[in-house]
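The values are calculated or read from the model by the stated rules, or taken from the named source; none is laboratory data. Quick caveat: nothing in here was measured; it's all calculated off a predicted structure. All Cβ positions, even for glycine, are placed from backbone atoms using ideal geometry, and neighbour counts span all protein chains on display.
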Amino acid sequence: MFKVKHPLHLTSAGLVVIPMTVSSLMTGALALALVVTGSWASASKSALMIVAVLIYALVLFILGRSGFANIRGLEMRAVTDPLTGLPNRHALHDDITRLSRSGDEVALAMIDLDSFKQVNDHYGHAVGDLLIARCAQEIRSVCGGEARCYRLGGDEFAAVMTGKVAGTILEGICRTLLERLGTPLTLDHRHIPVGASIGLTRSTADNRIASSEMLRRADVAMDMSKRGGKMRCTWFNESFDRRRERVREIEEDIRAGITAGEFSLAYQPLVDADDKRIVAVEALLRWDRGTRDPLGPNVFIPIAEDSGLINPLGMWVLRQAVCDALRWGDITLSVNISAAQLRNAEFPIRLGEVLEETGFPPHQLELEVTETCLVLDPVVAERTLDVIRSFGVRIALDDFGTGYASIGFLRRFRFEKLKLDRSLVELAGVDDGSRAMMLSSIALARALDMGVTAEGVETEEQAELVRLAGCDQIQGWLYYRALPAGEIDRLIAEQNAALRPGGERAA
Ligand code: C2E
Ligand code: MG
Ligand code: MG
């Protein structure tokens, strides 16, 4: 609980002792002056008593006033955020509780800035503070006199409104705020892009919700906005809670599944675009859930990422894949790496240990990262990738064509390989615009000295298209699906036999 401690410690004893001492001293001084000046006889004792009481009352009054002013100041500070001057979380709880006593709707918006951490990392905390103050100004100006705004701490703000259609008006205010934040803010000649993710919730007269529950709901809705791609508002919905519960269950299952050895790896071969020889394999995680509903990596990997379980799981993948690939000669091994792993300072150290312990040649290992992985924290990502490259391990950009990777982005990270996403390959076969985009991506990758792999090739037409466009490797169901390690052993043995003098291909 919040406690206010008075700096002067004006206890009731203080309120008696200090004025008594001051008034005794002053009355004594007055009596002494009267004796010295010879007027003691003419001054009556009762007059002296009245003077003493008056001085006592005066001192009491002055002390009381300054004490109350201090207490009021401290109370203000207890409900005000010092950086922005906005009311804080305590004020928000108080206001929601007070407004809920009326018969009107109370609407709450939770506003969380996107990528504020990067601003702190890039420009330092002083600029971060300026940015928070600037955003507070924007939020205050958008809310105007209609909604009250708050800073809850860090990069989190809130706005509250009451009235018959408070929710609708507040949503409008939030949309205006998102529009404003769509343009980078200018701070000390720097143009800093800041977005926001917003969660909304309401409490009505027939369904009153406590302030702490309103905050929780707005927070859950805000989280959905973040997951949905940021820069949006989302209204709280009861299904979000059920979804959260499901996510928590899967998280527990993953934890138990790691210990129980329920995870395994499948390997999908990548072939040379010209002679269709297997030149690489990509390790893809599989989860045997027994009789429970099956879950693919697109479902369980994001949950493992959010919970941090991707760190032990990802290390298991790496070690297992490297151990399997030791049997496959000069075939390149590709392993997918999540953003959370890349952000983990331990990751390059563990990778180095795996390479050393297994003796796997680093130049045959390729780590696949996605654009979102790097955009989230480019400075940290660049540092980690540099360490990884110093081992001789190569980096591939996965799922290219699904995000917004720019030329600058590709130059900055100097990937050794670009993997064109299945969606781009598929569309290039039917749509001229997508084909032009695919061709220019391949030309750009070539100019930057990167290899290019087309993913998800399912038809001969697609294979011919990407080969002519300049892709050097092809991955897709047209050639191979993801297979157990034992099947890869067999395929590689067959391929090696065929390539040996006297084998089919050599013949
Ligand atoms: P990805 O890295 O882009 O992997 C390629 C995905 O495309 C795989 O799906 C693969 O089975 C599928 N695929 C390949 N060829 C075709 C095709 O011709 N047609 C179609 N329709 N699909 C094709 P999968 O195995 O379900 O993996 C999905 C994603 O999960 C992967 O996408 C990757 O992002 C992630 N993932 C899988 N294993 C791991 C892992 O060990 N660690 C991490 N961090 N992510 C992983
Ligand atoms: Mg991949
Ligand atoms: Mg991919």
Qualifying residue in region 438-452 (condition: within 16 Å of ligand 1 (Cβ to nearest atom) and more than 18 Å from THR370 (Cα to Cα)): no
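Being surrounded by fewer than 17 Cβ atoms within 10 Å (Cβ to Cβ) and of a type in the set (Lys, Arg) narrows it down to one of ARG217, ARG244, so name that one.
Numbers: ARG217 fails: surrounded by fewer than 17 Cβ atoms within 10 Å (Cβ to Cβ).
Result of the check over ARG217, ARG244: ARG244.
Among the candidates GLY403, GLY408, which residue alone is surrounded by fewer than 21 Cβ atoms within 10 Å (Cβ to Cβ), within 13 Å of ligand 1 (Cβ to nearest atom) and not basic (Lys, Arg)? Working first, answer last.
Details: GLY408 fails: within 13 Å of ligand 1 (Cβ to nearest atom).
That would be GLY403, the only listed residue that is surrounded by fewer than 21 Cβ atoms within 10 Å (Cβ to Cβ), within 13 Å of ligand 1 (Cβ to nearest atom) and not basic (Lys, Arg).
So for region 330-340 (the condition being more than 16 Å from ligand 3 (Cβ to nearest atom), in contact (Cβ under 8 Å) with a residue 24 or more places away in the chain and closer than 15 Å to GLU282 by Cα), does at least one residue qualify?
We begin by selecting, within region 330-340, every residue more than 16 Å from ligand 3 (Cβ to nearest atom); these are 330-331, 340.
From what is left, the residues that are in contact (Cβ under 8 Å) with a residue 24 or more places away in the chain are 330-331, 340.
Those still in the list that are closer than 15 Å to GLU282 by Cα too: 330-331.
Yes, region 330-340 contains at least one residue that is more than 16 Å from ligand 3 (Cβ to nearest atom), in contact (Cβ under 8 Å) with a residue 24 or more places away in the chain and closer than 15 Å to GLU282 by Cα.
Does ASP253 satisfy the criteria of being more than 25 Å from GLY486 (Cβ to Cβ) and in contact (Cβ under 8 Å) with a residue 60 or more places away in the chain?
Working: more than 25 Å from GLY486 (Cβ to Cβ): yes; in contact (Cβ under 8 Å) with a residue 60 or more places away in the chain: no.
Against the criterion (more than 25 Å from GLY486 (Cβ to Cβ) and in contact (Cβ under 8 Å) with a residue 60 or more places away in the chain), ASP253 does not qualify.
Which fully enclosed strands (runs of 3 or more DSSP E) of region 237-349 have 1 or more residues being at pLDDT 95 or above, within 15 Å of ligand 1 (Cβ to nearest atom) and more than 30 Å from ILE442 (Cα to Cα)? Steps first, answer last, please.
Details: elements: 263-272, 278-287, 332-336.
Those strands (runs of 3 or more DSSP E) span 263-272, 278-287.
Let's see how each residue does on (1) outside any helix (DSSP H, G or I); (2) under 30 Å from ARG435 (Cβ atoms); (3) modelled with pLDDT of 95 or more:
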| position | (1), (2), (3) |
| --- | --- |
| GLU357 | no, no, yes |
| THR372 | no, yes, no |
| GLU382 | no, no, no |
| ALA396 | yes, yes, yes |
| TYR404 | yes, yes, no |
| PHE409 | no, yes, no |
| ARG412 | no, yes, no |
Any hit, region 131-151, residues being in a loop (DSSP other than H, G, I, E, B) and closer than 22 Å to LYS230 by Cα: no
Among the residues listed as ALA443, ALA428, ALA436, ALA447, the single one being away from ligand 3 (no atom under 15 Å from the Cβ) and touching a Lys or Arg at 6+ places or on another chain (Cβ under 7 Å): ALA428
Selected residue (only one of ALA493, ALA463, ALA469, ALA482 is within 13 Å of ligand 3 (Cβ to nearest atom), assigned by TED's automatic domain parsing to the domain that holds LEU284 and more than 24 Å from THR372 (Cα to Cα)): ALA482
